[in-house]
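Down below is the structure, laid out as C-alpha cells.
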Amino acid sequence: MKYDAVIIGFGKGGKTLAGKLAKTGKSVALIEKDPNMYGGTCINVGCIPSKSLIHSAASANPYGDAAEKEKKYREAIEEKRRLTKMLRTKNYDKLASSPNITIYNGTARFAERSKIEVKTGGKSIIIEGDKIFINTGSTPRIPPISGLSTTSGIYTSAELMDLDNFPEKLTIIGGGYIGLEFASMFSGFGSDVTVIQDGETFLPREDEDIAGEIKAILEKSGVKFRLGAKIKYVDEGPKVVFEWNKQDYSLESDAVLAATGRIPNTSELNCQAAGIELTSKQAVKVDQNLRTTAENVWAMGDVTGGLQHTYISLDDSRIVWSQLSGSGNYTADSRRNVPYSVFLSTPYSRVGMNEKEAQKSGIDYITAALPVSTIPKAQVLKSTDGILKALIDKNTNKILGAMLLCAESYEVINIIKLAMDMDADYTVLRDRIFTHPTMAEALNDLFTL
C-alpha cells in the first residue's frame, strides 16, 4: 500500500498532523504498536493520568487508617483508568472515522527511506509513503543499578500509576521533576515517601531560594530526602541499599519508583536503513524545520531529544505543517519562552530565565518577589505556602523570566508568557485590571517594584 504520508506513532504531534493532512484530501497511514497508547504518552501514561491522581490525592486523608487510605487510592486508580480509556477512545475514533486515514496496529521499522515494514498480527506488511513522520515519543530510562531491572516491586512512572495495591512505603530513585510529582502525589495519599538522589544539590537548575521552598513544602508533607546518596544495589523486598553520609543504609518499601529520566524511542526504528542519523543520545537528529538527514522524513516530539512536553510535540506539528502548507516561516528557532509546570501539592511553574542564568549571561536585572501568604485568594484556598518571583531587565523593563510556586501557578504562568511573547514591559502586568479574588491579580503586586 502507498500513502501520501506515513506517520509512526499516535502521539500529540502525529495525530494532529494526521488530522490536518486528511482534511486536505491526503491519504495517511498512522502506525501505533500499542493499542493502549492511542493519543500518546500524555493521555495514557503521562500528564493526564498523573494529574488525575494528583487531583484525587488532594482530597485524600493522609492521616487516615490503612483501610481508608486503601479505599481512596483504589477509587483514584479506577477514576484514572476511566479517564484515560475515555480519552484514548475519543482520540482513536476521531482519526479512525476519517476516510483518508488508515490506522495500523503494529511495530514499525524502516525497510528503506520511503518504505516501512509493519509487524502486526503475526505477519509483516510493507507500506510506502511519499512523506514520513516519526512521532514515537520516549520511554523511561532505567539506570544501570545492580538488581534494578530484575527485582520485583520496581516500577516506572507508567507502571506505578496503574498499581492496584496502595504502597504504604514508597522509595523513589531520582529527585527530578517526575520523581517529585510522584513524591507529592503519594504522600498526599498517605504513603511514607523517601527520595534518593545521587546529586548533592536539590533541583540544581532552579534558584536556591525556589528549590529550598519546594523542598520545605515537600518535607512538610512528610517526604524524606537522601541527597548525595550512592545506591549500591537493589534486592528483593524490594530493598534499596545505599551509602549516605558515609554510612550504609538498607531501605525496604512496598514499591520502588525509578524516576531517572526518559530516552527517545528509536531502538526499533532501524533508522540506518533510511539514512536517518541519530544523536549521541540516540535521538533522531533534526534541523530547525524538524527534517531528518533523510529526504522527506521529519521527526516530532520527544524522539528528537528536545523538551519532553506534549505541547512541544503539538508545536512541532505546527513547524512541520508550516512547510507542508507552503509558508515555511515557522521553525524551531521561532519558538521562545516555553513554560513548564511541576504539579506538586503547591504547583511550581516557570518561564524564561532565573537568577542563575541571568547572572551567567551578564544581564543587569531587577528581582521582584512576593510571598504567597499575602495573596487573598491563597488565603481563601488555604494554600499559603510558596513564593512568586520575577526578573526584569533593568535597562529595557522587559520581563526576563518568572518562577511561581503557588496554587494555580500553571494557569497564571501563561499570562506572563504571553506578555513576554508580546515583548511587553513589566508595567503592563503591574497596571492590568484582573478579577478579584484570583491568583492572577497577584501579578499587580509582584510587578510593583
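Just a few scattered comments:
- Which of Y340, Y348, Y233, Y73 has the fewest Cβ neighbours within 10 Å, and the rest in rising order: Y233, Y340, Y73, Y348
- Couplings 3J(HN,Hα) of the stretch 236-253, computed from phi: 4, x, x, 9, 9, 9, 8, 9, 8, 6, 6, 10, 8, 10, 10, 10, 9, 8 Hz, in residue order, whole Hz [Karplus 6.51 cos²θ - 1.76 cosθ + 1.60, θ = phi - 60°; x for Gly and Pro].
- For the stretch 154-258, the Rg and Dmax computed from alpha carbons only, in angstrom: 13.2, 39
- Positive-end residue, the chain charge dipole about Cα centroid, Cβ charges, pick of G153, G137, T107: T107
- Rounded to 0.05, the FRET efficiency of the K119 and K232 pair, given R0 = 41 Å and the Cβ-Cβ distance, is 0.55.
- Counting 0.36 nm for each residue step from K90 to S361 and taking away their Cα separation leaves a gain of 93.0 nm.
- Counting Lys and Arg as +1 and Asp and Glu as -1 over every other residue whose Cβ lies under 13 Å from the Cβ of D287, the net charge comes to -2.
- Here each label is just a point 7 Å from Cα along the line to Cβ, and for K2 and E295 those points are 1.5 nm apart.
- With the charge dipole of the chain set up from +1 on Lys and Arg Cβ and -1 on Asp and Glu Cβ about the Cα centre, the Cα lying farthest toward the positive end among the listed residues V240, L30, P62 is that of L30.
- Taking θ as phi - 60° and the Karplus parameters 6.51, -1.76 and 1.60, the scalar couplings of the stretch 151-165 work out to 7, 6, x, 9, 10, 7, 4, 5, 5, 5, 6, 10, 6, 6, 9 Hz in sequence order, x denoting glycine and proline.
- Stokes-Einstein D (µm²/s) once Rh is taken as the Kirkwood radius of the stretch 1-116 over alpha-carbon pairs, at 10 °C in 1.306 mPa s: 99
- Taking 0.36 nm per residue of sequence separation and removing the Cα-Cα distance, the S250/R74 pair yields an extension gain of 60.5 nm.
- Shown here for the stretch 139-243: GluC sites (Glu not before Pro) in loop regions (DSSP other than H, G, I, E, B) with at most 12 other Cβ atoms within 10 Å, namely E200, E236.
- Bins of 10 Å, starting at 0 and running to the largest distance - Cα pair percent for the stretch 263-315: 26, 58, 15, 0
- Each Lys and Arg contributes +1 and each Asp and Glu -1, all at the Cβ; summed about the Cα centre of the chain, the dipole is approximately 1180 debye.
- Phi-derived couplings, Karplus 6.51 cos²θ - 1.76 cosθ + 1.60 at θ = phi - 60°, listed residue by residue for the stretch 171-187: 10, 10, 9, x, x, x, 5, 5, x, 6, 4, 5, 4, 5, 4, 6, 5 Hz, with x used for Gly and Pro.
- Of K215/K417; K51/K239; K12/K281; K71/K389; K71/K232, pairs whose Cα-Cα distance is over 32 Å: K71/K389; K71/K232
- Residue range of the chain that is longest and free of trypsin sites (Lys or Arg not before Pro) which are both DSSP loop and sparsely packed (at most 10 other C-beta within 10 Å): 1-245
- Taking every alpha-carbon pair within the stretch 294-367, the share separated by more than 14 Å comes to 72 percent.
- Nearest-0.05 FRET efficiency for V338 and D162, computed from C-beta distance (R0 30 Å): 0.50
- Percent breakdown of C-alpha pair distances by 5 Å bin, ordered from the shortest bin, for the stretch 1-46: 5, 24, 30, 21, 13, 6, 1
- Pair-distance distribution of the stretch 340-446: all C-alpha pairs, bin width 5 Å, starting at 0; shares per bin in whole percent are 2, 13, 25, 25, 19, 10, 4, 1, 0.
- Label selected from (i) 67, 62, 43; (ii) 62, 58, 40; (iii) 66, 64, 50, the criterion being Cα extents along the principal axes in Å as computed here: (ii)
- Mean separation of Cα contacts under 8 Å (6+ apart) over length of the chain, as relative contact order %: 14
- Cβ-based exposure ranking for W244, W298, in which fewest neighbours within 10 Å come first: W244, W298
All of the numbers you see were taken from the coordinates with simple rules; none came from a lab. Treat the numbers as computed from the prediction; the structure is a model and nothing was measured. Neighbour counts are summed over all protein chains in view; Cβ atoms, including those assigned to glycine, are modelled from backbone coordinates with ideal geometry.
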